[in-house]
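To start, the structure under review is shown below, and the notes come after it.
The values are calculated or read from the model by the stated rules, or taken from the named source; none is laboratory data. For clarity, every value in this text was computed on a predicted model and none was experimentally measured. With ideal geometry, Cβ positions are generated from the backbone for all residues, glycine too; neighbour counts draw on all protein chains shown.
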Amino acid sequence: MKAANIAVPALVGILIVYALIKKVNVYKAFVDGAAEAVPQLIAILPYLAAMLGAISLLRASGAVEFFTGVMRPVTDRLGISPALVPLIALRPFSGSASLAMLKDILTEFGADSRVGRAASVLVGSTETVFYTTAVYFGAVGVTKTRHAIPAALISGAVGAAVGLLLVR
Amino acid sequence: MMKWIFGIMTVMGIAVFIARGDGAGALNALVKGGESAVELSISLAGAYMLWMGIMKIADEAGLINKLAKLMKKPLRLVMPDAGDAAAPVTLNLAANFFGLGNAATPFGIEAMKKLDRGDGRASNDMAMFIALNSSAIELLPTSVIAVRTACCSASPYDVVLPTFIASVAAALAAIISCRLLGRVFK
């Protein structure tokens with residue numbers, strides 16, 4: 001982690017020196033690049049509002065808990081600890097909520113317990129699929145996302161399954 | 001796909017709220033989502049402008065071109081039509097790998113813009129890029145380690161190796177499922 005702390009600013013510094021040697025107007029280039037960022041963010045905003053609105057609604061309604069309750073017989077049979085099921089269900093929707101849930105699990109069961117380690121691996125090896133998809137496809141105004149989300153969810157399920165097997 | 005996901009999520013949420021007799025709660029939740037979208041955009045804006053500015057400097061110095069040429073061949077294995085997007089795709093995957101989340105997003109957006117053909121439809125390469133991003137391959141899962149440390153773990157780094165192996169498995173699953181599903185979803 002120390003190395004990364006130094007490496008990134010050092011790389012940026014070297015880049016600027018290199019660009020100056022190449023006679024690039026670094027100030028103008030920076031401003032030009034930054035100027036492209038602002039309209040881009042505004043273009044993404046409605047997609048984020050739609051997705052985060054739906055996520056917030058689903059979370060607040062308790063539908064996630066309902067769903068994990070329904071899935072309970074299946075997850076029990078698979079040998080997945082009941083504490084982990086809501087985390088698995090929530091993970092594709094919200095990064096901050098899954099981190100908060102990870103904290104709860106680690107506090108309740110202990111960070112070095114089997115459940116605690118499994119929860120850590122689950123959160124670390126998967127991504128907030130619905131959020132990233134909304135941002136990335138929103139940036140280009142793509143609404144026909146084809147197989148992107150199914151493939152992302154399969155990838156997440158495989159990551160979660162391998163993670164659970166490894167800490168067994 | 002997106003319309004179904006959005007539709008199912010909102011209808012399910014609203015139905016549960018109405019079943020509980022709390023119609024106002026449903027609207028509040030939706031508005032709250034919109035508000036967090038605004039907050040998120042504002043908090044993204046700083047890092048986004050910074051990295052877009054730095055990328056433009058690298059671009060004008062000719063480095064983005066060099067990176068694209070270097071990465072075109074290896075990237076062809078997973079994203080055959082990457083073309084101009086080779087450089088931002090590489091930067092995005094590298095930023096994710098080293099845990100620079102706020103740099104990864106601007107590079108990822110740039111990659112999507114370069115991959116886009118303006119027809120409102122995801123190409124095979126775009127789907128592959130999204131799926132690869134969701135496998136979360138990271139050298140150190142820093143946020144998880146931080147939570148473990150805060151929760152008094154005796155060995156917070158214990159999970160690094162299994163997390164990495166699980167991520168690699170997820171990435172392989174992403175590549176394989178994209179290849180197979182790309183033929184099903186037209």
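If a residue has to be hydroxyl-bearing (Ser, Thr, Tyr), in a helix (DSSP H, G or I) and within 18 Å of the chain's Cα centre (by Cα) to count, how many in region A:99-145 make the cut? Looking only at that region, the number is 6. Counting only helices (runs of 4 or more DSSP H) that sit completely within region B:72-186, those holding 1 or more residues that are within 18 Å of A:GLY156 (Cα to Cα) and within 8 Å of another protein chain (Cβ to nearest Cβ) correspond to B:124-133, B:142-150, B:160-184. Taking the criterion of being surrounded by 21 or more Cβ atoms within 10 Å (Cβ to Cβ), charged (D, E, K, R) and at positive phi, would at least one residue in region A:118-137 satisfy it? There is no residue in region A:118-137 that is surrounded by 21 or more Cβ atoms within 10 Å (Cβ to Cβ), charged (D, E, K, R) and at positive phi. Remark: pairs (first residue in region B:19-48, over 11 Å from A:ALA60 (Cβ atoms) and free of Cβ contacts under 8 Å to residues at least 24 places away in the same chain; second residue loosely packed, with under 13 Cβ neighbours inside 10 Å and of a type outside the set (S, T, N, Q); Cβ separation under 8 Å; 6+ apart in sequence or on different chains) = B:SER41/A:ILE42.
Restricting attention to region A:1-30, which residues are in a helix (DSSP H, G or I) and within 7 Å of another protein chain (Cβ to nearest Cβ)? Walk me through it before giving the result.
Taking region A:1-30 first, the residues in a helix (DSSP H, G or I) are A:2-21, A:26-30.
Hits for region A:1-30 are A:ALA4, A:VAL8, A:VAL12, A:LEU15, A:ILE16, A:TYR18, A:ALA19, A:VAL26, A:ALA29, A:PHE30.
Output yes when any residue across region B:124-131 is over 15 Å from the mean Cα position of the chain (by Cα) and over 23 Å from B:LEU50 (Cα atoms), and no when none is. Within region B:124-131 (the criterion being over 15 Å from the mean Cα position of the chain (by Cα) and over 23 Å from B:LEU50 (Cα atoms)), the answer is yes, since at least one residue qualifies. State yes or no: is B:ALA24 more than 12 Å from B:THR105 (Cβ to Cβ), more than 23 Å from the chain's Cα centre (by Cα), assigned to a helix (DSSP H, G or I) and more than 7 Å from chain A (Cβ to nearest Cβ)? Spelling it out, B:ALA24 is indeed more than 12 Å from B:THR105 (Cβ to Cβ), more than 23 Å from the chain's Cα centre (by Cα), assigned to a helix (DSSP H, G or I) and more than 7 Å from chain A (Cβ to nearest Cβ). Screening A:VAL74 against (1) among the β-branched types (Val, Ile, Thr); (2) buried (at least 24 other Cβ atoms within 10 Å of the Cβ); (3) farther than 18 Å from B:ILE137 by Cβ leaves a single unmet condition, (2).
Return the total of residues in region A:21-42 being over 24 Å from the mean Cα position of the chain (by Cα), surrounded by 13 or more Cβ atoms within 10 Å (Cβ to Cβ) and either touching a residue at least 24 places away in the same chain (Cβ under 8 Å) or over 30 Å from A:GLY141 (Cβ atoms) (or both). Reasoning before the result, please.
Start the filter on region A:21-42 by keeping residues that are over 24 Å from the mean Cα position of the chain (by Cα), which leaves A:21-36.
Narrowing further to those that are surrounded by 13 or more Cβ atoms within 10 Å (Cβ to Cβ): A:22, A:24-26, A:29-36.
Okay, now just the ones that are also either touching a residue at least 24 places away in the same chain (Cβ under 8 Å) or over 30 Å from A:GLY141 (Cβ atoms) (or both), so A:22, A:24-26.
Total satisfying the criteria: 4.
For region B:39-58, which residues satisfy the criterion of being more than 7 Å from chain A (Cβ to nearest Cβ) and either touching a strand residue (DSSP E or B) at 6+ places or on another chain (Cβ under 7 Å) or of a type outside the set (Phe, Trp, Tyr) (or both)?
Filtering region B:39-58 down to residues more than 7 Å from chain A (Cβ to nearest Cβ) leaves B:39, B:42-43, B:46-47, B:50-51.
Selection gives B:GLU39, B:ILE42, B:SER43, B:GLY46, B:ALA47, B:LEU50.
Residues that are assigned to a helix (DSSP H, G or I) and either exposed (fewer than 15 other Cβ atoms within 10 Å of the Cβ) or more than 7 Å from chain B (Cβ to nearest Cβ) (or both) within region A:52-67 comprise A:ARG59, A:VAL64, A:GLU65, A:PHE66, A:PHE67, listed in sequence order.
Evaluate the following for B:MET52: is it at pLDDT 90 or above and under 18 Å from B:ASN133 (Cβ atoms)? So B:MET52 fails the test.
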